[in-house]
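See below for the structure under consideration.
Nothing in this text is a laboratory measurement; each read-out follows from the coordinates by a stated rule. These figures come from a predicted structure and were not determined experimentally. Here the Cβ positions follow ideal geometry from the backbone for every residue, glycine too, while neighbour counts run over all protein chains shown.
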Amino acid sequence: MVGKKTFSGTWHHAPEHRLYEPGTYMVTGGAYEKAPYLSSDNRKDEFLALLFELAEKFDWKLQAWAVLNNHYHFVGFSPLEDESGAQSLRTIVSELHRQSARRWNREDQSPTRKVWHNYWDSHITFQRSFYARLKYVHDNPVHHGLVDNAANYRWCSRAWVEKNGTPAFVKTLDSFQIDRLNVKDDF
């Protein structure tokens, strides 16, 4: 048939990562079979330190983060100087997963265990979407019932934004509704 397009690709079982242009991205990573590999305070500390280290190394500017027992989220600005800036996100997440899995498998004497299931990223292009996702990540520990006030959870950015953001910014952030966000977060 003339003009009819057909699907000729293969079915992919993992989310497609379309990192074509610099900008703002939200990332969610989940542990394999929702296992609580990050349940110790020490592991959450190490994981967050590694995330900060990799973000700095690749010139990403983190805006929000939350590390929970079996998943994590972050929102960051990619480097803007060229189109390859956003593509470094693959390297950041790959290294984050590889290094943490290797360390925890060594600690738990489980050298072949699969630790990470996958990760999902979304390119945020609208301001309202950006604010809603920031609020979602900043308040994720409340969403999961871990604390009543996310500022009291040390592995998320809520206390950081309250300390470093203006009162007007925090008030604006808190005004956004997040109940209709489509974020893979059934951990």
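At a 10 Å Cβ-Cβ cut-off, how would you order I92, I178, fewest neighbours first?
In increasing order of surrounding Cβ atoms, one gets I178, I92.
Starting with the highest mean, order 162-168, 145-151, 45-51 by the number of other Cβ atoms within 10 Å, averaged over the residues of each peptide.
Packing order, densest peptide first, comes out as 45-51, 145-151, 162-168.
Taking the alpha-carbon centroid of each part, what is the distance from the range 26-53 to the range 126-172 in angstrom?
18
Counting other C-beta atoms within 10 Å, which of S88, S129, S94 has the fewest, and how do the rest follow?
Ascending Cβ contact count within 10 Å gives the list S94, S129, S88.
Given 0.36 nm per residue, what is the gain on full extension from N42 to N105 after removing their alpha carbon distance, in nm?
Value of the extension gain: 21.2 nm.
Quick check: residue separation of T172 and R113 times 0.36 nm, minus the Cα distance between them. What number comes out in nm?
Stretched out fully, the T172 to R113 stretch lengthens by 16.9 nm.
Once you have the Cα-Cα distance between S94 and Y32, take 0.36 nm times their residue separation minus that, and quote the gain in nm to one decimal.
That pair, S94 and Y32, stretches by 20.9 nm at full extension.
Among 133-144, 117-128, what's the highest-first ranking by average C-beta atoms within 10 angstrom per residue?
133-144, 117-128
At a 10 Å Cβ-Cβ cut-off, how would you order T28, T172, T112, fewest neighbours first?
Taking fewest neighbouring Cβ atoms as first place, the list is T112, T172, T28.
Take E162 and A49, extend 7 Å from each Cα along the Cα→Cβ direction, and tell me the distance between the two endpoints in nm.
In this crude spin-label approximation the distance works out to 2.5 nm.
What percent of all Cα-Cα pairs in the range 24-174 falls in each 5 Å bin, counting up from 0?
2, 9, 18, 23, 20, 15, 8, 3, 1, 0
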